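Participant: Questions regarding the structure given below will be posed in turn.
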Ligand code: KG4
Ligand code: ZN
């Protein structure tokens, strides 16, 4: 089954052709980082305009790189949410028009589910039940996945997403955008124990994440310690590197610590870590160690599939198309789309435990 994936939920215009949900035939991504860099974050109006300019050439490029005529695809999968409404609408409208013109089936894909499917490439097949940690600039969620396509949110961020925290702290330190890769690079030369931040915990005992307090703690530390943010592209000081390392290590301890905590209860057979922040090498190491302790494999997307792309959307869409799911031409963007569709999570957990003798 050959599926065209289209992704325009945020600031990447992407199209990909994927065979049988596991093999990337072509994947094209046009990043808008240059457009948004000077604003230190994504400007929604500019993002949708750029998607409009790029969607046609990017889809054309995906077909021409694959050297496959459009008529040969078996279906189209497009991100319908969550994301920026203007951006999502460009992809959704284009996908509908193309499905209509080619008379091909169409399915809408949740962007976060797409991230989970980014591990479908270059990893062995996922064994269920799985735990999936999706950490990006827009989302930080830990899911229980008893079987493909079924999700229960075990923990979510109460405020900023993990990637957003990286971006905001980087901006505050004068490091540029996007902040994650820059902080990771500096953290390699810094001491993660130099600045004592505490792992954010919910007062009500919930496993939810929170990163805005940590961002405030970094601001306060900068103000009180007299650490100077980087100016005019100067080389970052050792104090900045130490701060980057200390901040990063707390974010990772929060993400991985919570994952370990819920794993004890849910007995997963695979740990999936996906989303832009999954590019982070220190997070990969910590998650791999945690999975090894649990005696299960940890799967990550390869780096180019960690950030937004359309191959993951095509992979998630393939499962839906195979299951006979079809969207009508009334398919619409849903900016607040949630990925939580287990009617009875306790029952699903019990069944998974029986089936897999956990
Ligand atoms: O998945 P993604 O491309 O977009 C969203 O759906 O949000 O994720 C982008 C986010 C940004 O916040 C970026 O700073 C973060 O992923 N990121 C990283 C790293 N590379 C990208 N965060 C930490 N370490 C990295 N190496
Ligand atoms: Zn994303």
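Taken together, the values in this text are just the output of simple stated rules run on the coordinates, not laboratory data. As the structure is a computational prediction, the values presented were derived from the model and not from experiment. Counting neighbours? That spans all protein chains shown, and the Cβs are built from the backbone with ideal geometry, glycine included.
Participant: Starting from the 7 Å offset along Cα-to-Cβ, what nm value, one decimal, do you get for the label separation of residue 231 and residue 158?
Facilitator: Each label point is offset 7 Å from its Cα along the Cβ direction, giving 3.7 nm.
Participant: Moving on. In whole Å, what is the distance between the alpha-carbon centres of the range 202-258 and the range 273-299?
Facilitator: 21 Å
Participant: Listed highest first by mean packing, meaning other Cβ atoms within 10 Å per residue, what order do 108-119, 175-186 come in?
Facilitator: Averaged packing, sorted descending, gives the order 108-119, 175-186.
Participant: Could you order peptides 14-27, 257-270 by the average number of other Cβ atoms within 10 Å of their residues, highest first?
Facilitator: Going from most to least packed, we get 14-27, 257-270.
Participant: Which values, in whole Å and largest first, are the semi-axes of the equivalent ellipsoid of the range 222-318 obtained as the square root of 5 times each eigenvalue of the Cα gyration tensor?
Facilitator: Result for the range 222-318: semi-axes of 32, 20, 10 Å.
Participant: Which of 312, 98, 202 comes first, and how do the rest follow, when ranked by fewest Cβ neighbours within 10 Å?
Facilitator: 202, 98, 312
Participant: So how far apart, in nm, are the two label points at residue 326 and residue 202 if each is 7 Å from Cα heading toward Cβ?
Facilitator: Rounded to a tenth, the inter-label distance reads 4.1 nm.
Participant: Sticking with this one: Under a point spin-label approximation (7 Å from Cα along Cα-to-Cβ), what is the residue 46-residue 341 distance to one decimal in nm?
Facilitator: Taking the two extended label points, one gets 3.5 nm.
Participant: Would you kindly compute the Cα radius of gyration of the range 170-245 and its largest Cα-Cα separation (Dmax), both in Å?
Facilitator: 13.3, 43
Participant: At 0.36 nm per residue, and after removing the present C-alpha to C-alpha distance, how many nm does the segment from residue 71 to residue 239 gain when stretched out fully?
Facilitator: My answer for the length gained is 54.7 nm.
Participant: Kindly express, to the nearest 10 degrees and within the range 0 to 90, the angle between helix 44-66's C-alpha long axis and the longest C-alpha principal axis of the chain.
Facilitator: On a 0 to 90 degree scale, this one is about 60.
Participant: Out of all Cα-Cα pairs in the chain, roughly what percent, to the nearest whole number, are more than 25 Å apart?
Facilitator: 53 percent
Participant: Using only C-alpha positions, report the orientation-averaged shadow area of the convex hull of the range 125-300, nm², one decimal.
Facilitator: One quarter of the hull surface, i.e. the mean projection, equals 9.9 nm².
Participant: Right, something else. Using the per-residue mean of other Cβ atoms lying within 10 Å as a proxy for protection, in what order, highest first, do the peptides 134-144, 52-62 fall?
Facilitator: 134-144, 52-62
Participant: Ok, one more. Run the numbers for residue 189 and residue 56: contour at 0.36 nm per residue of separation, minus the present Cα-Cα distance, in nm.
Facilitator: Once the chain is fully extended between residue 189 and residue 56, it gains 43.6 nm.
Participant: Report, in degrees rounded to the nearest 10, the 0 to 90 angle that the Cα long axis of helix 345-355 makes with the longest principal axis of the chain.
Facilitator: So the inclination is approximately 80 degrees.
Participant: Which percent of Cα pairs goes in each bin when the distances of the range 115-168 are cut into 10 angstrom slices starting at zero?
Facilitator: In order of increasing distance, the bins hold 24, 46, 26, 4 percent.
Participant: If you take every DSSP beta bridge fully contained in the range 125-300, what fraction is antiparallel? Give it as a percent rounded to 5.
Facilitator: DSSP beta bridges in the range 125-300 are roughly 55 percent antiparallel.
Participant: Compute the long axis of helix 281-294 from its Cα atoms, compare it with the longest principal axis of the Cα atoms of the chain, and write down the angle in degrees, 0 to 90, nearest 10.
Facilitator: It is inclined by approximately 80 degrees.
Participant: Using only the Cα atoms of the range 76-161, what semi-axes does the equivalent ellipsoid have when each is the square root of 5 times a gyration tensor eigenvalue? Give whole Å, largest first.
Facilitator: Computed over the range 76-161, the values are 26, 18, 10 Å.
Participant: Do the sum for the chain: with -39,500 (n - 2.57) for every DSSP H run of n ≥ 4, divided by all residues, what is the mean residue ellipticity at 222 nm, to the nearest 500 deg cm²/dmol?
Facilitator: -14000 deg cm²/dmol
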